[in-house]
């Protein structure tokens, strides 16, 4: 069987699974999710062993430690992943929820209700936790999922999918094991065939770097929900509480630098640059951060800080490492202009004690999430109370921001009459 035939075969099975899954009640889906969570914990040793092979290959290939951190699984991380699955099981089922409903003047009863999207394809890079998050969210929302992770995590993803499918087979209740499938193949051909499976796959969601996302958006014939890269900004306003600003900036950059909601640029109002920058640069230096600063930033670099000259490329870079671009701006509006030019519409934060500054910043910044006196690291499905997330959409159709269960549904209209006929 050719690579294309293999991909189309799993897509056909997913289409059948989606039809079987859509009408199932919440109790059945929740039981399946809890069985998956139990199976992940029970199979932790097997999963960690498979993951160790992926990690070893990544190290041999010279992969950065930050990317290896995204790839790595431990017993503790698997327990946390299982806990997230249980959280998804505890959430309300969006399927069948009425979005709106009323009786028309002619007596027809109209309801708009949520329905599953159908078959969801996920194309993602070396984060095996996405394998489970995506499976849990799609199953709960009544969808079948086709998982195409990176070749760097192939052994990990294979083990995770095998454990989850076995759990579905064991628990019964009518949830088909084919609701969760790994797309066969490690080369780019399998991705290409998935992107061309229009009619079998209802939507593709890419998660990863700019090159992956752009490739899927530009080449796919299947509709795409675009999850963007995270060139996130922290703007320290003239009216900022400096202690708060240092704490937020250090957390946003260093708490986990390899993820999309980590800060990549800090913009500092000129009026507080002299008071703020020496403290901030020293605090960042203590955490191992290299700051790529403009001339005004570099002028405030003191002992304990690591500051290099920023280039034009730095302003648009998603580092995913302990690197941070930094610039001094003359006004809030200049900060907004910088964000509009270089940002990725993911998450931006303002630190200020001024309500008017906060209102203006949140009104002018056109990103999926805007934080006021909070770290960019909070843009996350779990932090928002969604359980896990399928991705963070930076587009405006059909969803924006962290995508939880409702974002994995569409709607249909149910119209009920009593022999109503439309006149000529």
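The values are calculated or read from the model by the stated rules, or taken from the named source; none is laboratory data. Keep in mind it's a predicted model, so treat the numbers as computed, not measured. Heads up, the Cβs are rebuilt from the backbone with ideal geometry, glycines too, and the neighbour counts pull from every protein chain shown.
Can you name every residue in the range 140-181 that is within 19 Å of the chain's Cα centre (by Cα) and either assigned to a loop (DSSP other than H, G, I, E, B) or surrounded by fewer than 20 Cβ atoms within 10 Å (Cβ to Cβ) (or both)? Result: 141, 143, 149, 150. All of (1) touching a strand residue (DSSP E or B) at 6+ places or on another chain (Cβ under 9 Å); (2) part of a helix (DSSP H, G or I) hold for residue 264 with one exception: (2).
When 285, 304 are checked against the criterion of being farther than 29 Å from residue 124 by Cα, surrounded by fewer than 22 Cβ atoms within 10 Å (Cβ to Cβ) and in contact with a strand residue (DSSP E or B) (Cβ under 8 Å, 6 or more places away or on another chain), a single residue qualifies: 285.
Within the range 186-211, the set of residues being surrounded by 18 or more Cβ atoms within 10 Å (Cβ to Cβ) and modelled with pLDDT under 90 comprises 207, 208.
For (1) buried (at least 18 other Cβ atoms within 10 Å of the Cβ); (2) in contact with a strand residue (DSSP E or B) (Cβ under 7 Å, 6 or more places away or on another chain); (3) modelled with pLDDT under 95, each residue gets a yes or a no:
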| position | (1), (2), (3) |
| --- | --- |
| 313 | no, no, no |
| 320 | yes, no, yes |
| 353 | no, no, no |
| 361 | yes, yes, no |
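Listed conditions (1) surrounded by fewer than 19 Cβ atoms within 10 Å (Cβ to Cβ); (2) over 24 Å from residue 400 (Cα atoms) are all met by residue 245, apart from (1).
All of (1) farther than 18 Å from residue 225 by Cα; (2) crowded, with 23+ Cβ neighbours inside 10 Å; (3) touching a residue at least 40 places away in the same chain (Cβ under 8 Å) hold for residue 107 with one exception: (2).
Checking the structure you have, find out if any residue of the range 4-13 is free of Cβ contacts under 8 Å to residues at least 60 places away in the same chain and surrounded by fewer than 15 Cβ atoms within 10 Å (Cβ to Cβ). Yes, the range 4-13 has at least one match. The C-beta contact set for the range 63-89 (first residue outside the structural domain of residue 48 (by TED's automatic domain parsing), second residue part of a loop (DSSP other than H, G, I, E, B) and surrounded by fewer than 21 Cβ atoms within 10 Å (Cβ to Cβ), distance under 6 angstrom, 6+ apart or interchain) is empty. Counting only residues that are assigned to a loop (DSSP other than H, G, I, E, B), out of contact with any strand residue (DSSP E or B) (no Cβ under 9 Å at 6 or more places or on another chain) and under 18 Å from residue 261 (Cα atoms), the range 186-245 holds 2 of them.
The set of residues from the range 248-260 being surrounded by fewer than 24 Cβ atoms within 10 Å (Cβ to Cβ) and at pLDDT 95 or above comprises 250, 251, 254, 255. If I filter the range 374-387 down to residues being at pLDDT 95 or above and touching a strand residue (DSSP E or B) at 6+ places or on another chain (Cβ under 6 Å), which single residue comes out as surrounded by the most Cβ atoms within 10 Å (Cβ to Cβ)? Filtering the range 374-387 for residues that are at pLDDT 95 or above and touching a strand residue (DSSP E or B) at 6+ places or on another chain (Cβ under 6 Å), the one surrounded by the most Cβ atoms within 10 Å (Cβ to Cβ) comes out as 376. Counted as qualifying within the range 80-130 are the strands (runs of 3 or more DSSP E) with 2 or more residues that are under 17 Å from residue 391 (Cα atoms), namely 119-124. Scanning the range 120-129 for residues that are within 20 Å of residue 166 (Cα to Cα) and surrounded by fewer than 24 Cβ atoms within 10 Å (Cβ to Cβ) returns a single hit, 129.
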